[in-house]
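Working notes for the structure below.
The values are calculated or read from the model by the stated rules, or taken from the named source; none is laboratory data. Remember, predicted model here, so these are calculated numbers, not experimental data. Ideal geometry is used to build each Cβ from the backbone, glycine not excepted, and the neighbour counts take in all protein chains shown.
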Amino acid sequence: MAFHPTAGFWVRHLVIPLLCAAIVLSMLEQTSFDLWLADRWYALEGGAWAWRNHWLTYDIIHHRGKQMVIGFGLLILLVTGLTFRVDRIAHWRMPLAYLFCSMAVVPALIAWSKHYSGVPCPWHLERYGGTEVYRHNLEYAVGAAQGGHCFPAGHASGGFALLALYFAVLPFARKPLIALIPGLVVGTVFALGQQARGAHFISHDLWTLSLCWFGALALFFAFRPWRWPRPAGTHDTTRDARP
């Protein structure tokens, strides 16, 4: 039997996440928590963004991390292509195609939105040795010529885009929540690395997390999972794919 979303599915995957995102992001827009946390990073690094070009935060987390995500995406694309030649894995064609598209499209849209964002990075602010005056994210005009185009967080989107793994296996996995772990772990590591470099506030990363979740959900339904054939040997989650 095919996957069929119910009202419970929408409550768990859309309504509750939307309410949580609205509450948390609104609180960050009304408070100075961004600055408070960035101040802690800045003080920890000796009153400068000492980890901006550090081998761990830049070479490993930023540069190699980006290569890792791209490499994984290319691997998914390769396996998707193999499903046209290998009958044993043909049932995975749609889930894999969805996963690749979500990993490519959602970060691309976030990168595009950054181009029109007038929000500077922490390292651009007077508070941290730069020239820009701090304002909350939504107080900056779209496309304004500010110190940088740093919102939402682009690098973290590569990690949080892996949340699509959850939706890729949701129709037939016994424990689909396990598939959330890679996206949450990699996205969080990428986010913390960029915060330590002075590239982003925590609100930038939480906006990106939200966009990646809702983007993955939207594409999941664009790929019509109720029409996906169930791979042999997988669990039949015909009710509503309750995690």
**Residue match in the stretch 142-165 (condition: of a type outside the set (S, T, N, Q), exposed (fewer than 14 other Cβ atoms within 10 Å of the Cβ) and assigned to a helix (DSSP H, G or I))** = no
**Flag if ARG174 is surrounded by fewer than 18 Cβ atoms within 10 Å (Cβ to Cβ) and part of a loop (DSSP other than H, G, I, E, B)** = yes
**Message:** Given the condition crowded, with 17+ Cβ neighbours inside 10 Å and more than 22 Å from the chain's Cα centre (by Cα), answer yes or no: does some residue in the stretch 2-18 qualify?
**Reply:** yes
**Candidate set from the stretch 219-235 (those that are touching a Phe, Trp or Tyr at 6+ places or on another chain (Cβ under 8 Å), part of a loop (DSSP other than H, G, I, E, B) and modelled with pLDDT of 85 or more); member that is farthest from ARG174 (Cα to Cα)** = PHE223
**Item:** So ASP39, is it closer than 26 Å to LEU138 by Cα, part of a helix (DSSP H, G or I), modelled with pLDDT of 95 or more and among the charged types (D, E, K, R)
**Value:** yes
**Fill in**
Output for Cβ contacts, cut-off 6 Å, separation at least six or different chains, first residue among the polar types (S, T, N, Q) in the stretch 88-112, second in a helix (DSSP H, G or I), reads SER102/ALA164; SER102/ALA216; SER102/LEU219
**Asked** Among the residues of the stretch 213-220, is any of a type outside the set (Lys, Arg) and over 18 Å from the mean Cα position of the chain (by Cα)?
**Response** no
